[in-house]
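What follows is one structure encoded as structure tokens, with my remarks underneath.
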Amino acid sequence: MYAGAMKDKRSDSRLVLEKVSHSYGAVPVLNDLNLVVDPGEVVVLVGPSGCGKTTILNLLSGYIEPVSGTVRREGIIRTVYQQDGLFPWLTVSENIAIGLRSVEDPARREKELLDLIALIRLEGFEHHYPHQLSGGMRQRVELARVLAGDSDILLMDEPFSALDYQGRLRMRWELVRLLEKRPHTVVFVTHDIEEAAQLADRVLVLSNRPATISRELHIEALRPRDLTDPAVIGAMKEILKELGLQV
Amino acid sequence: MRKPRDPGSYLLPVVVLLGFLAIWFFICYSNLFPAYVLPSPGAVWKSFREEVVSGRLADDIVASLWRVAVGFVAAAVLGIPAGLWLGQHMHARQAFVPMLNFFRFLSPLAWIPFAILWFHIGDKPAFFLIFMATFFPLVLATMAAVATIPSIYFRVARDYHYKGIELLTKVTFPAILPQVITALRVSYGISWVVIVAAEMVGCQDGLGYGIWEARNGLRLDSAVCYMIVIGLLGMGIDRLLAQLTKLPNVRWGYER
């Protein structure tokens, strides 16, 4: 399923949360959370808004330290934010090249850049600035930037939530296609149940604050999955039930 | 990409200008006011030709431009880095902002007595006054721009290991550049207003001094001629500064 050359690199990546608790002041956000993300896995966190999904990503990326418990990370981590994570003063090429900063050889860097632009199908837009692109195109550039270079792990914080519905559907296909070409370990946060069912190897449903994992759901079906795929519909039912939104 | 210019954009101002001149002519030739109170367009044109032929106008323009350039560039070179620094250090902001605001609201003309006592007559008091007029607004505008940079840029910068001077030059500075350009245009406008007053008291030449001398000789035709030159030069230089907003890597700041 995945390109063999990437296999070794991926096997180096691992994210572990061990008995992690976190609070903002007196407000407990996470309570005794355990999570192991295996190499190459796509884990999707779903939960009510304000339940601490983004906090988990911030802990995984090292942006914040937990109040108690340990976080272990192996591999190079990149984050895709909800929107406007691109530098508006740089062109599409220059923004993607940020992801290639660690690549020393200029020839390799140049080739990688061209490959990535072709991969996200934005040939001809290399010298455009982000404000000249649509929301979906901007998110594709973001994806190219995080996939570039030596990254192993992608943390995605509701990356498609600023797009319209059809835009979101397209971007899910796009993400699946890109991950097939360039496998990465992914932790994806969303409130969109469809998105979770279409993308995840494993869905973790979080409870209300302080968040714990209330349900773990494995989805075996191959990607890309149609919205009407029985596996997707089955998973959505399970998630909805867990969230108390379906009887 | 360039849109063809709407003919109204240059025809309409010309119509307004011609209308203004017509009213001016009408008032002058209907003898509502004596000629020494309101010079006629003809008298102004004559005085303009005299000033050009004698070379005085050119000398005055060069003198004023030089003073504004020195004072303004000094204020920008010191003020923008100071604003960057203050924008990044909260305690420094708390310490300095009240004082900076105080000086910003102090009319630069209040410094005229000090300018003359400290620097006597010549270019230096004008440099000083231009500097005092533009330094504080530039510091405060740059500082405010830094404080409003969306935190997402710094998170991305952190993800990709931008640190120290590279963070400053590749993230912080480009993120505020559109606002800095706007601040430069505004403070240039202030300096061009201040130079006239500065030259009336502290100088022996320059456009402001030209007006002062015209007043002393009751030559309002010459004063009007200088006023027109001051206004046109100010507009022209602002057009030049406005070209900066067309740089491709700052367009984003004006288009969303």
Inset, instruction - Look through the range B:159-173, keep the residues that are more than 14 Å from A:SER102 (Cα to Cα) and within 9 Å of another protein chain (Cβ to nearest Cβ), and return whichever of them is surrounded by the fewest Cβ atoms within 10 Å (Cβ to Cβ). - result: B:LYS170
Inset, instruction - Collect the residues in the range A:194-224 that are buried (at least 21 other Cβ atoms within 10 Å of the Cβ) and touching a residue at least 40 places away in the same chain (Cβ under 8 Å), keeping them in residue-number order. - result: A:GLU195, A:ALA196, A:ALA197, A:LEU199, A:ALA200, A:VAL203, A:LEU204, A:VAL205, A:LEU206, A:ALA211
Legend entry - Yes/no for A:VAL189 being at pLDDT 90 or above, under 18 Å from A:LEU119 (Cα atoms) and either part of a strand (DSSP E or B) or out of contact with any Phe, Trp or Tyr (no Cβ under 9 Å at 6 or more places or on another chain) (or both): no
Legend entry - Selected residue (only one of B:PHE96, B:PHE33 is surrounded by fewer than 19 Cβ atoms within 10 Å (Cβ to Cβ) and in a loop (DSSP other than H, G, I, E, B)): B:PHE33
Inset, instruction - Tell me which residues, restricted to the range A:112-137, are over 24 Å from A:SER161 (Cβ atoms) and of a type in the set (Val, Ile, Thr). - result: A:ILE117
Legend entry - the range A:41-61, residues that are assigned to a loop (DSSP other than H, G, I, E, B), of a type outside the set (D, E, K, R) and either modelled with pLDDT of 90 or more or in contact with a His (Cβ under 8 Å, 6 or more places away or on another chain) (or both): A:GLY47, A:PRO48, A:SER49, A:GLY52
Legend entry - Residues within the range B:143-158 that are open to solvent by less than 60 Å² (accessible area, probe 1.4 Å) and either farther than 30 Å from A:GLY99 by Cβ or within 14 Å of chain A (Cβ to nearest Cβ) (or both), tallied: 10
Legend entry - Residue match in the range A:67-89 (condition: open to solvent by 60 Å² or more (accessible area, probe 1.4 Å), farther than 24 Å from A:ASN31 by Cα, out of contact with any strand residue (DSSP E or B) (no Cβ under 6 Å at 6 or more places or on another chain) and facing chain B (nearest Cβ under 8 Å)): yes
Inset, instruction - Tally the residues that are assigned to a helix (DSSP H, G or I) and either at the interface with chain B (Cβ under 7 Å from one of its Cβ atoms) or not small (Gly, Ala, Ser) (or both), restricting the search to the range A:90-113. - result: 12
Inset, instruction - State whether one or more residues within the range B:131-138 are closer than 20 Å to B:ARG251 by Cα and more than 14 Å from chain A (Cβ to nearest Cβ). - result: no
Inset, instruction - Could you tell me whether any residue of the range B:154-161 is of a type in the set (A, V, I, L, M, F, W, C), in a helix (DSSP H, G or I) and touching a Gly at 6+ places or on another chain (Cβ under 8 Å)? - result: yes
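The values are calculated or read from the model by the stated rules, or taken from the named source; none is laboratory data. Quantities reported herein were computed from a predicted structural model and do not represent experimental measurements. Cβ sites come from the backbone with ideal geometry, for glycine too, and all protein chains shown count toward neighbours. Accessible surface areas use protein heavy atoms only, side chains included; no ligands, DNA or RNA. Shrake-Rupley method; radii C 1.70, N 1.55, O 1.52, S 1.80 Å.
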